[in-house]
Amino acid sequence: MQAARFPYPFFILIAFNFTLLNKISQYAMTPIQAVSRLPKAELHLHIEGTFEPELMFQIAQRNHIAIPYQSVEEVRAAYQFHNLQSFLDIYYAGAAVLRHEQDFFDLTYAYLQKCREDNVVHSEIFFDPQTHTARGVAFDTVIGGIRRACDTARQEWGMSTALITCFLRHLSEEEAFATLAQALPFREHIIGVGLDSSEVGNPPSKFARVFAEARKHGFLTVAHAGEEGSPDYVHEALDLLHVSRIDHGVRAEEDEALMQRIIAEQMPLTVCPLSNLKLKVVDDLAQHNLHRLLQRGVLVTVNSDDPAYFGGYVNDNFTALQQTFALSTAEIAQLCKNSFQAAFLDNETRQKWCERIDAITAE
Ligand code: ADE
Ligand code: ZN
C-alpha cells in the first residue's frame, strides 16, 4: 500500500516546479498578448505605403482620376512583387491619386487609427514630397494634410508623431537640393531627412552634399541602406550621411566588421520583416535575420514599411515573427523597448515608455 502514496509528493513536486518555472520565466503574459498589450514606436513607415485600396478608390473617385483597376480585389491581386522596383512602380502610380490637403489628411488619419489599434504610441513618418511636387501638388498641401491628421491623433488619443522628409534616390542631387529648399519653411515640423526609392545604383554618396546641408539646418538623418544594396551602402550611410539610424540594414550581416561596428555603436536598424518577404529580400520568413540580429545585441526594431502593400501593420509583423521564431515575451518586450531607444524622443519620454513596458510585463 505504501506505493499508492507515491504519487502525492510526486504531484506536489510537479506543481512546485510549475510555480518555480513561472517565476523564472517571469511573465504571466504570453508573447502574443505582449504584442498587442505593449506600447511601441514605429520608425520606418512611408505614409504613401499605407494607402489601402478602399481609400484609393474613394479618393480616385472624388478627384475624378481613372485608375487601372476595376475593384479593390483587382488592386490587391496586383500586389505581387518580385523585387523593390516592381513594388515602387505600383506604389508611385497609387500615390498619383493624392491631390488635395484632405487626401493627405485621410491617408494619414487612417494610418494613425491603425497605430491606435496596434498600441503604436509614437510614429516617425516618412513622406516623399517629390512624388507629389512632380505632379504639381505643393509641398504645403502634402505636409498640411499630414500634420493636421497628426495633430488630430495627438488631441484625440495622445499619440505622438514626427515627420521625416525623404529624398528619392533615383532622382538627381539637384532635385534633392530643391526638395530640401522646399522643406526649410517647415523646418520646425520636420525632424529629419531620409533617403528611399531604388537603392542599387543610387548609393548614399550621391547625396552626401545634400545631407551635409540638411544637417547644417539641424535635421537629423536616416537612410535606407542594405535592403537590396550591399553592405558598402551601409558604410556610406554611416560615414558620408552621418545617419542616426539605418533603414532596413539587413544585408549588413554579410560584413562582420560592419556588424561589430553596428553593435558597438548601438546603431539602430529599422527592420521590416513582411516587406523583406514581399520584396523577396528573403524567400521565407524563417530565413530572416531579425532574430539572429536581436540575439547578437543589435538594436533592431520592427516596422511595417508600406503596410497596405505588404500585408500588415506593425503588430502583424510582430505576430509573424513570433510565430516563425517562437519569440519569447522577453524578446517582444526588448523589441518594443528598442523602438523607443531608437526613436527621436527625449530621454525622459523614452524612459517613461520603457518603464511602462517593464510594468506591464511584470503584471
Ligand atoms: N519607398 C517605399 N518603400 C520603400 C522601400 N522598402 N525601400 C525603398 N524605398 C521605399
Ligand atoms: Zn522603407
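Every number in this text was worked out from the coordinates using simple rules, so none of it is lab data. A quick note: this is a predicted structure, and the numbers were derived from the prediction, not measured. For neighbour counting, all protein chains shown are included, and Cβ atoms are generated from backbone atoms with ideal geometry for every residue, glycine included.
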Rounded to the nearest Å, the spacing of the alpha-carbon centers of the range 51-77 and the range 308-335 is 29 Å
Distance in nm between Gln33 and Asp358 label points, each 7 Å along Cα→Cβ, equals 2.1 nm
Note to self: C-alpha centroids of the range 120-141 and the range 175-245 sit apart, in Å, by 15 Å
Note on the range 41-362: alpha-carbon gyration tensor, axes a ≥ b ≥ c; rule is a/c under 1.5 for rounded, else prolate if a/b larger than b/c, else oblate; result rounded
Ranking Ser36, Val271, Val243 by how far each Cα lies towards the positive end of the charge dipole of the chain (+1 on Lys and Arg Cβ, -1 on Asp and Glu Cβ), the top one is Ser36
Across the chain, qualifying lysine pairs (alpha carbons under 19 Å, at least 8 places apart or different chains) come out at 5
Within the range 82-132, DSSP-loop GluC sites (Glu not before Pro) with at most 10 other C-beta atoms within 10 Å are none
By Cβ neighbour count within 10 Å, fewest first, Ser172, Ser230 rank Ser172, Ser230
Simple spin-label estimate for Gln102/Ser71, 7 Å along Cα→Cβ, in nm, reads 2.8 nm
The long-range amide H neighbours of Ala223, using H built 1.01 Å from N in the peptide plane and a cut-off of under 5 Å, are Leu195, Arg245, Asp247
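Given +1 on the Cβ of Lys and Arg, -1 on the Cβ of Asp and Glu, and no further charges, what dipole in debye does the range 84-193 carry about its Cα centre, rounded to the nearest 20?
Values: 9 positive and 15 negative charges, 26 e Å.
With Lys and Arg at +1 and Asp and Glu at -1, about 120 debye.
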Most exposed first, judged by fewest Cβ atoms within 10 angstrom, Asp128, Asp346 run Asp346, Asp128
